[in-house]
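K.L.:
Input: one structure, supplied below.
The values are calculated or read from the model by the stated rules, or taken from the named source; none is laboratory data. Not measured: the values here are computed from a predicted model. Every residue, glycine among them, receives a Cβ derived from its backbone with ideal geometry; neighbour counts consider all protein chains shown.
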Amino acid sequence: MNWINKLQTIDRRIIYILLLVVCAIPLVKPLGVPLQVTDMTRDVYDIIEGLEPEKDVVLLSFDYAPGAGLDAHIVPVAVVEHLAQRGIKWVSVSFNPEGPMMADLIIKDLESRGFKYGIDFANLGYLAGQETAIRLFALDCLTITTDTRGNKTTDLPVMQGIKTAKDFAFVHQFTSDDPAMWIRQAVDPMGLRYAVGIVTVSVPSAMPYYNSGQIKGLLGGLKAAAEYETLLGKPGRAVAMMDAQSMAHLLIIGFIFLGNLGYFLGKKQGK
Amino acid sequence: MRKEVPMLITFVVAIIVMLSSITTGPLPDVFKNHISPWMTIVSAFAVGLASVNLTRVHGQKISRKRDGWVYSLILLGSMFFYGIFRSYIEINPSNMAAAENYALCYNHILSPLSSGIWACLAFYVASSSYRAFRARSMEATILLVSAVVVMLGAAPIGAQIWSKFPAVQRWLMNVPNMTGQRGIIIGAAIGSFVTALRVLLGIERGHLGGTQ
Amino acid sequence: MSLVEGNIFGFWMFIVISVVAVWIMTQSKNGKFKVTLRRINGLEALEEAVGRATEMGKPVHYTPGLGDIVDNKAAETFAAMEILTYVADLSAKYSAELIVTIRQPNVFPLAQESVKQSFVAAGKPDMYQENTVRFISSNQDAYTSGVVGILHREQAAANIMAGLFMGESLLLAEAGAQIGAMQIAITASTTQLPFFVAACDYTIIGEELFAAGAYVSQDKVKMGGIAAQDYIKLAVMAVIVLGTILSTSGSDFIRVLLTK
Amino acid sequence: MMSISMNIWHWTAAICILAMWTFLFKENPIFRIAEHVFVGGTAGHAIGMAVGNIYRYGWNPLVHNQQLLLFVPIILGVLLYSRFIPKIAWLSRWPVAFLVGVGTGQSIYTSLRTQVINQSLGAMVPLSGDTVGVTINALIGIVGLLAVLSYFLFSIPQSGALEKFSRAGRWIMMVTFGVSFGNVVSGRISVLLGELTRILGDWLGML
């Protein structure tokens, strides 16, 4: 029958346009579907709740490029918001050349809200050499002599008392790659308290490290950011987007179903 | 000389680096004060290789006016613009105005180009799910069913359809997925260990040009 | 100089398995230990793909992935380079045009050399052109958009992707599917596998990548290396079983030993 | 409800995204321009960052603190470029050998510890759990792991029980791939949503 063939050969452009529409509508008019918070997200939240303001300093490693898009960037935005709310100081570093600019986007926003660069946070910039660089920095944070603004690292108030990665109360990496590099070079050898924010795509491959306790908390992309916003009691951008996410999933499942329906009906007919 | 020196360099450096992470004594300092900063510098030089290659390939295209040479001109122009601008900022970090302007050019041109191409993936995911994911065999069916459950469990709408979807999704993620990933991680680590051993002992010389 | 605590077991394990692995590789090299690798599904499709490209008069595209040769992902790239040599041999044999796209500057000269060698060895040095091996960009996304453009402009008949891949795999595979190329993916990158499985004609998964490299090169040392991996794996499996039995019975002997 | 942005940068960002998306319909000159600006720009950015690293970690300490040993990496770095001069191209193998040495030394032991020993430890959980569910999960974890590992045995003939066992390993991996697939779908959609907020929000002012 003709319509079975049609089920199998919908033009890809129609699919593209449908996806665009299904994503755009809930963005403009959110539906407000309620959200459940998972343990992996709560773990990070609890760690930060347990830190002491004024005393503890957190290290944030920004290891993603803008190409990873919102799925990577929205997680640090939520975590930094929590740090800012609790008045906890942080320092950022990057092992990806594009990372410092991503940190700067967040810093710019904080500065406009009255937080002080150098006192509340600082951006140490990019250190080339990937794994080697991670280990070098973990062993000796002062190996980076100046921050991205040309200040001497040793002069930054937020860096006082910090020599190695051990001196940070907590290390949180944000990456679009897998967390194994940090675990191999710093977390396992130095016994750091470490959590990671990764893109949704990388969550399954990070599970074994979470299961074995090498990672203490795991934030996977937009969904985790939405959960984090819920925990903070400030539902924002991420929560609003989850509705669009839901609709897009339904659409894609629908297409898988249609494709398979056509396939099986076609097979039956062939017999 | 042409093969032996590099092999020796690799061997000595690798042994120092390896031992420096698990021993006390002088090696950790050798790593920290010498090898690691050297690595930073040498790998920074390696980044430049990419641009030399690009300049050669596209320079030729332009000088011979081959098809699409205008695009090559655009590519080189863009490379020199960002290259020179960024280098200036790196050497003069205290010039905040320049850094601000660079951030504008970066965040509103390169960054959207980059995430724009990634967003295309969403469309491709949709069309390839439709076109290619068929329950052709038992294995393909397992793949499909777990994918669909994960999608339903990962979006808030899933819990509205059936309240157990998030729990099933978490189970799939934490038990079978974790098991499979763990097997692949262990296997791949053993695989790269043996390759690394071949490199260390100079049996694998792929990186020195010519396999044996 | 002494070992830092927590590394004693690891260090001695490292020494022991290194010795065993080297011993197996030398035995295999000297022909005293014969290694036969199991068939890897999809590997013979390489020849079919190149042959088909010749018939259609269209090029074969090959990418050795995104990995470099200087980090811990090197193994995957080395394996991809072995497969490249094999593909270059095949395209010389069938006189099929070959296009190799490169992301890593370090991989570029190696790829040039090995393709050139294959063509010369087959007595067809003229097949090697300036743009047979093309450096695209060291940026992952830029590399991807460059390759996608090339696939469309050159209308490749075969698209062979081997080595390390990240998010761009689907872009490459989907671009190949759109131009109707026969596609073969060989990768250990698990996140990307479902897409290769969906969009490619053949997919070779996980560690099969390393085995495939050894298989096509038929190099005795490398085959010995694969056998060594197998024995290490068996030993790890035995330790895991033992550790589970002991921990179930309440003893943490293995756990203490491994973390020593 | 719609108030289009007057900010030129919102316009360029939106144009760049849309230029990339035109490729979804067809390869075209607009996409080609975007592609080439992008390839060149990212290469340029990486060069700038590299210049910064050489300046900070090589040039400055060498000139201001007279750390003469830093000539070693600088010379090695320069040697990388000898590959463009055929006569001395072989010299470029020295810096590559150095980079490979660091990479190998860095991972050969640590990957054994992090990925083999620590992951094996993670797998050795007691089979006697508080509930039946815990025990079943632990059993799947351990048997599944062994099955997956046995699938990747290449030199040992796979027949009989081993073949069946390794097939079970493949099934576990199919679930793994399925889970990955589900996550990739979510992840890609999230990226798309980010771009859409840029277009609908920043540019068109609809959000």
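K.L.:
Step by step: first the residues of region A:185-201, then only those that are closer than 18 Å to A:Phe168 by Cβ and of a type outside the set (A, V, I, L, M, F, W, C), then the one that is surrounded by the most Cβ atoms within 10 Å (Cβ to Cβ). Which residue is that?
P.N.:
A:Gly197
Here's the yes/no breakdown for (1) crowded, with 24+ Cβ neighbours inside 10 Å; (2) among the charged types (D, E, K, R); (3) assigned to a helix (DSSP H, G or I):
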residue	(1), (2), (3)
A:Val79	yes, no, yes
A:His82	no, no, yes
A:Lys108	no, yes, yes
A:Ala122	yes, no, no
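K.L.:
Still on this structure, I have one more. Go through region D:88-207 and tell me which helices (runs of 4 or more DSSP H), entirely inside it, have 3 or more residues that are out of contact with any helix residue (DSSP H, G or I) (no Cβ under 9 Å at 6 or more places or on another chain).
P.N.:
By residue number, D:132-151, D:160-196.
K.L.:
Of everything in region C:218-254 that's more than 7 Å from every other protein chain (Cβ to nearest Cβ) and among the basic types (Lys, Arg), which residue is nearest to D:Gly141 (Cα to Cα)?
P.N.:
C:Lys222
K.L.:
Here's something else I'd like to know. Pick from D:Leu112, D:Leu68, D:Leu127: which is over 30 Å from A:Ile183 (Cβ atoms) and among the hydrophobic types (A, V, I, L, M, F, W, C)?
P.N.:
D:Leu68
K.L.:
What single numbered condition from (1) surrounded by fewer than 20 Cβ atoms within 10 Å (Cβ to Cβ); (2) more than 19 Å from A:Ile253 (Cα to Cα) fails to hold for A:Thr9?
P.N.:
(2)
K.L.:
Among the listed residues D:Arg198, D:Arg188, which satisfies the condition of being at the interface with chain A (Cβ under 8 Å from one of its Cβ atoms), of a type outside the set (A, V, I, L, M) and crowded, with 20+ Cβ neighbours inside 10 Å?
P.N.:
From the options D:Arg198, D:Arg188, the qualifying one is D:Arg188.
K.L.:
Which residue, of B:Val17, B:Val13, B:Val47, B:Val42, is free of Cβ contacts under 8 Å to residues at least 40 places away in the same chain, within 30 Å of D:Val184 (Cβ to Cβ), facing chain D (nearest Cβ under 7 Å) and surrounded by 19 or more Cβ atoms within 10 Å (Cβ to Cβ)?
P.N.:
B:Val47
K.L.:
Residues of region C:200-233 being farther than 18 Å from C:Pro64 by Cβ, in contact with a helix residue (DSSP H, G or I) (Cβ under 9 Å, 6 or more places away or on another chain) and not in a helix (DSSP H, G or I), which ones?
P.N.:
C:Asp201
K.L.:
Moving on. With the requirement that a residue be away from chain B (no Cβ under 12 Å) and either exposed (fewer than 15 other Cβ atoms within 10 Å of the Cβ) or over 24 Å from D:Leu162 (Cα atoms) (or both), what does region D:117-134 give you?
P.N.:
Once the filter is applied, which keeps residues that are away from chain B (no Cβ under 12 Å) and either exposed (fewer than 15 other Cβ atoms within 10 Å of the Cβ) or over 24 Å from D:Leu162 (Cα atoms) (or both), region D:117-134 yields D:Pro126, D:Ser128, D:Gly129, D:Asp130, D:Thr131, D:Val132.
K.L.:
Same structure again: Among (1) at the interface with chain D (Cβ under 7 Å from one of its Cβ atoms); (2) under 28 Å from the mean Cα position of the chain (by Cα); (3) crowded, with 19+ Cβ neighbours inside 10 Å; (4) more than 30 Å from D:Gly103 (Cα to Cα), where does B:Ile142 come up short?
P.N.:
The number of the failed condition is (2).
K.L.:
For region A:151-187, which positions are basic (Lys, Arg), part of a helix (DSSP H, G or I) and at pLDDT 90 or above?
P.N.:
Within region A:151-187, A:Lys166 is the sole residue that qualifies.
K.L.:
Take the residues in region C:138-173 that are among the hydroxyl-bearing types (Ser, Thr, Tyr) and part of a helix (DSSP H, G or I), then tell me which one is farthest from the chain's Cα centre (by Cα).
P.N.:
Looking at the filtered set, the residue picked out is C:Ser145.
K.L.:
Out of all the residues in region C:249-258, is one or more within 18 Å of D:Gln119 (Cβ to Cβ), outside the structural domain of C:Ala162 (by TED's automatic domain parsing) and in a loop (DSSP other than H, G, I, E, B)?
P.N.:
Within region C:249-258, one or more residues are within 18 Å of D:Gln119 (Cβ to Cβ), outside the structural domain of C:Ala162 (by TED's automatic domain parsing) and in a loop (DSSP other than H, G, I, E, B).
K.L.:
Quick check on my filter: what residues within region D:13-59 are in a helix (DSSP H, G or I) and either more than 8 Å from every other protein chain (Cβ to nearest Cβ) or charged (D, E, K, R) (or both)?
P.N.:
Hits for region D:13-59 are D:Ile15, D:Thr22, D:Pro29, D:Ile30, D:Arg32, D:Glu35, D:Arg56, D:Trp59.
K.L.:
Sticking with this one: Give the residue, chosen from A:Gly69, A:Gly87, that is within 10 Å of chain D (Cβ to nearest Cβ) and either within 23 Å of the chain's Cα centre (by Cα) or of a type in the set (S, T, N, Q) (or both).
P.N.:
So the residue among A:Gly69, A:Gly87 that is within 10 Å of chain D (Cβ to nearest Cβ) and either within 23 Å of the chain's Cα centre (by Cα) or of a type in the set (S, T, N, Q) (or both) is A:Gly69.
K.L.:
Please go through region B:145-176 and pick out each residue that is assigned to a helix (DSSP H, G or I), at the interface with chain D (Cβ under 10 Å from one of its Cβ atoms) and under 24 Å from A:Met241 (Cβ atoms).
P.N.:
B:Ala147, B:Val148, B:Val149, B:Val150, B:Met151, B:Leu152, B:Gly153, B:Ala154, B:Gln169, B:Leu172, B:Met173
K.L.:
Would you pick out the residues in region B:23-45 that are under 27 Å from the mean Cα position of the chain (by Cα) and among the hydrophobic types (A, V, I, L, M, F, W, C)?
P.N.:
Within region B:23-45, B:Phe31, B:Ile35, B:Trp38, B:Met39, B:Ile41, B:Val42, B:Ala44, B:Phe45 meet the criteria.
K.L.:
Ok, one more. Any residue at all in region C:97-104 that is within 11 Å of chain B (Cβ to nearest Cβ), in contact with a helix residue (DSSP H, G or I) (Cβ under 8 Å, 6 or more places away or on another chain) and in contact (Cβ under 8 Å) with a residue 40 or more places away in the chain?
P.N.:
Yes: one or more hits.
K.L.:
Confirm whether D:Tyr81 is part of a helix (DSSP H, G or I), at the interface with chain B (Cβ under 8 Å from one of its Cβ atoms) and modelled with pLDDT under 90.
P.N.:
No; evaluated as a whole, the condition is false for this residue.
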